[in-house]
Each structure stands twice: as structure tokens, then as C-alpha cells.
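Here's the structure, in C-alpha cells; my notes come after.
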Amino acid sequence: GILSNVANKFLMAGFSAIDQSWRRVAHVRPANDFKSMTIYRLTDDTMAQPIGPGGELRHGTLGEASYTLRAGTYGRLLSITREQLVNDDLGALTEVPMKLGRGCATRFNLNFWTALLANTGNFFHANNSNYVTGATTVLSVSAMDAVVAAFYKLVDEAGNPLGHTPRILLHPPELDGVAQNISQSAEYRDTTASKNFGTKNVYAGRFEPVMSPYLSNANISGYSTTAWYLLADPMDVPCMNVCFLRGREEPIVETADADFSTLGINMRAYHDFGASLAEPRCGIKSKGAA
């Protein structure tokens with residue numbers, strides 16, 4: 001249709017917008033090559049202990065936790081003939097490099113959110129004290145009370161409170177209205193029961209609501225329209241690790257003439273990145289359903 005001679009053609013630019021919500025839950029790291037990298041976190045038992053009459057100090061201990069991450073290459077090629085270029089009176093084919101670049105960004109998002117929702121190794125699980133289920137976990141102020149309490153009960157390897165603060169309310173589109181209401185409403189009233197209650201919304205401004213359509217996308221295994229997450233700032237405790245080869249976050253898009261025997265051009269785009277789960281103590285996942 002774009003390349004036909006039909007009159008009254010119009011081109012709709014910018015049809016697909018690329019979701020950037022992954023940036024609020026991931027720690028971005030550079031990759032020097034395509035080898036698997038190991039990310040270490042220092043653990044310790046350094047809490048001060050009473051000093052006896054002899055004045056002798058007890059030895060503390062240091063340890064480590066580690067995660068792996070590896071960059072891979074993803075790309076696509078398109079060939080455009082000279083005839084197609086000549087017939088392109090809309091200039092539509094000038095958008096092809098942008099479309100290829102967006103295709104790389106879409107692949108990145110699919111890989112990123114697939115890694116999160118795959119929940120490899122029971123990342124979010126009751127055994128890790130970071131997963132809650134049941135009818136009372138449906139996103140609401142009352143459910144937030146329980147999840148915030150669970151967040152602050154997360155402990156380090158020695159069983160001591162971590163001390164980090166919940167910052168991100170990650171949710172699918174189906175919960176966006178509720179999430180915005182909880183995060184921004186100055187007041188929150190209960191009109192269904194005769195009881196005394198405060199009208200101030202204690203959660204207003206405390207969390208940044210972050211919505212991603214990938215969380216409830218049926219193409220991704222593990223998707224949910226009800227699940228939501230209360231997470232720490234990724235610079236403190238990341239939920240996901242992301243790497244880009246040599247720190248380049250944007251895809252590479254290139255154009256070249258076709259082979260000498262072919263009239264036309266070739267366009268290609270490729271992107272070097274990796275994404276994986278990071279630290280289970282990053283926050284709490286709520287099933288949001290019974």
C-alpha cells in the first residue's frame with residue numbers, strides 16, 4: 001500500500017513507542033566483552049560485640065554473594081530495492097533505520113521483562129520472605145500496610161534488618177489507576193464502614209509509581225494482571241542487572257549499498273546487551289490475588 005500508486009496516502013509516524021520503565025528497577029553496568037561477568041556483593045558479620053574485662057575484640061567475618069550477567073548481540077537486516085526507493089513518494093522508507101532501531105529496543109524490553117517474570121531460582125518466593133499471596137494482597141492501602149511491613153522485615157545474612165527504604169511501586173497497566181491514587185492522593189477515605197479513621201494518606205509521595213505494559217503482556221510467560229512489586233531504589237539494591245557492551249545503550253543502525261549486482265540498499269541494526277535478576281532482597285512481590 002505504501003509503495004503503490006494509490007492517491008491520498010498518509011504516513012503515520014511514531015506508531016510504536018518504546019517502554020523505558022525498566023530503567024527504574026535495574027542497575028546498568030558496562031560490559032567490556034561478550035564473556036560472562038560476575039557481579040559481587042560484599043557480605044559481612046561486623047556488628048560490634050561487647051568487650052570483656054580483658055579488652056579483647058572479637059573477629060568479624062567477610063563473605064560474598066555473586067550474580068552472573070552476559071551481553072549478547074541481537075539484530076535485523078532489511079534490503080530495499082531501487083524500484084521501492086523510487087516508488088516511495090511518501091518518504092516512508094526513510095523511517096526504516098528508526099524502525100530497525102526500535103525493533104532492537106523492543107527485543108531488549110522482551111528479554112528484560114521475560115527475565116524478571118521467569119522468576120528463575122524462585123527469586124520471589126515465600127522462602128525468601130519477599131513474596132506474599134492471598135485475597136488481602138490485592139493492591140490497596142490496606143494491602144500496602146502489610147507489604148511495607150514485609151519490606152522492612154527483610155534481613156541480611158546475619159538476620160539483621162537491611163535498613164533500605166521502599167521507593168518503587170512497580171505495576172501493570174491494569175493497576176495504574178490504583179497505584180497513582182495510592183501514591184498521589186492527599187486523603188484516603190473509607191466510606192463502607194462506621195468507624196473512626198484518619199483521612200491523611202500516609203503513602204502519598206512515598207513511592208514512585210512505575211507502570212510497564214510488559215508485566216501483563218500475554219506473550220511473556222509468568223505475566224499477571226494483578227501482581228505488583230514494592231522495590232528499593234536500584235542504586236541501593238537492584239532487582240535487575242543490565243549490561244551494554246562498552247556502555248553503549250542505543251542500538252547501532254547502519255546503511256550500505258547492496259551488492260554490485262543488485263540495485264538497492266541494505267539496512268541493518270544490532271544491539272549488544274544482557275539482563276538478569278539481581279538481589280532477592282530488593283523488595284516484595286505481591287500476587288495481588290488469592
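Only strands (runs of 3 or more DSSP E) whose full extent lies in the range 15-113 are considered here, and the ones with at least 1 residues that are closer than 23 Å to Asp156 by Cα and touching a helix residue (DSSP H, G or I) at 6+ places or on another chain (Cβ under 8 Å) are 26-31. The combined condition, being in a loop (DSSP other than H, G, I, E, B), of a type in the set (Ser, Thr, Tyr) and open to solvent by 60 Å² or more (accessible area, probe 1.4 Å), is fulfilled by Thr120. Would you check if there is a residue in the range 212-220 being in a helix (DSSP H, G or I), among the hydrophobic types (A, V, I, L, M, F, W, C) and either open to solvent by 30 Å² or more (accessible area, probe 1.4 Å) or on the phi < 0 side of the Ramachandran plot (or both)? Checked against the condition, which is being in a helix (DSSP H, G or I), among the hydrophobic types (A, V, I, L, M, F, W, C) and either open to solvent by 30 Å² or more (accessible area, probe 1.4 Å) or on the phi < 0 side of the Ramachandran plot (or both), the range 212-220 yields at least one hit.
Residues in the range 139-153: is at least one outside any helix (DSSP H, G or I), under 24 Å from Tyr214 (Cα atoms) and of a type in the set (A, V, I, L, M)? First the steps, then the outcome.
Kept after step one, since they are outside any helix (DSSP H, G or I), are these residues of the range 139-153: 139-140, 153.
Checking the rest, the ones that are also under 24 Å from Tyr214 (Cα atoms) come to 139-140.
Retained after the next criterion (residues that are of a type in the set (A, V, I, L, M)): 139.
Yes, the range 139-153 contains at least one residue that is outside any helix (DSSP H, G or I), under 24 Å from Tyr214 (Cα atoms) and of a type in the set (A, V, I, L, M).
Can you confirm whether Ala105 is small (Gly, Ala, Ser), closer than 30 Å to Ser221 by Cβ and in contact with a Ser or Thr (Cβ under 8 Å, 6 or more places away or on another chain)? For Ala105, the condition - small (Gly, Ala, Ser), closer than 30 Å to Ser221 by Cβ and in contact with a Ser or Thr (Cβ under 8 Å, 6 or more places away or on another chain) - is not met.
It is to be established whether one or more residues within the range 48-55 are surrounded by 10 or more Cβ atoms within 10 Å (Cβ to Cβ) and either under 30 Å from Glu279 (Cβ atoms) or touching a residue at least 40 places away in the same chain (Cβ under 8 Å) (or both). So far as the range 48-55 goes, yes, one or more of its residues are surrounded by 10 or more Cβ atoms within 10 Å (Cβ to Cβ) and either under 30 Å from Glu279 (Cβ atoms) or touching a residue at least 40 places away in the same chain (Cβ under 8 Å) (or both). Pairing each residue of the range 200-213 that is more than 11 Å from Tyr229 (Cα to Cα) with any residue that is open to solvent by 70 Å² or more (accessible area, probe 1.4 Å) and of a type in the set (Phe, Trp, Tyr), provided the two are 6+ apart or on different chains, yields C-beta distances under 6 Å for Asn201/Tyr188.
The residue of the range 221-263 that is farthest from Ile284 (Cα to Cα), among those that are open to solvent by 20 Å² or more (accessible area, probe 1.4 Å) and in a strand (DSSP E or B), is Asp257. Every residue in the range 142-177 that is more than 21 Å from Trp113 (Cβ to Cβ), in contact with a strand residue (DSSP E or B) (Cβ under 8 Å, 6 or more places away or on another chain), open to solvent by 30 Å² or more (accessible area, probe 1.4 Å) and not charged (D, E, K, R), please. Of everything in the range 142-177, those that are more than 21 Å from Trp113 (Cβ to Cβ), in contact with a strand residue (DSSP E or B) (Cβ under 8 Å, 6 or more places away or on another chain), open to solvent by 30 Å² or more (accessible area, probe 1.4 Å) and not charged (D, E, K, R) turn out to be Ala146, Tyr152, Val155, Ala158, Pro161, Leu162, Thr165.
The values are calculated or read from the model by the stated rules, or taken from the named source; none is laboratory data. As the structure is a computational prediction, the values presented were derived from the model and not from experiment. Reconstructed Cβ throughout: ideal geometry from the backbone, glycine too, with neighbour counts over all protein chains shown. These area figures cover heavy atoms from the full protein model, side chains too; ligands, DNA and RNA do not enter into them. Shrake-Rupley method; radii C 1.70, N 1.55, O 1.52, S 1.80 Å.
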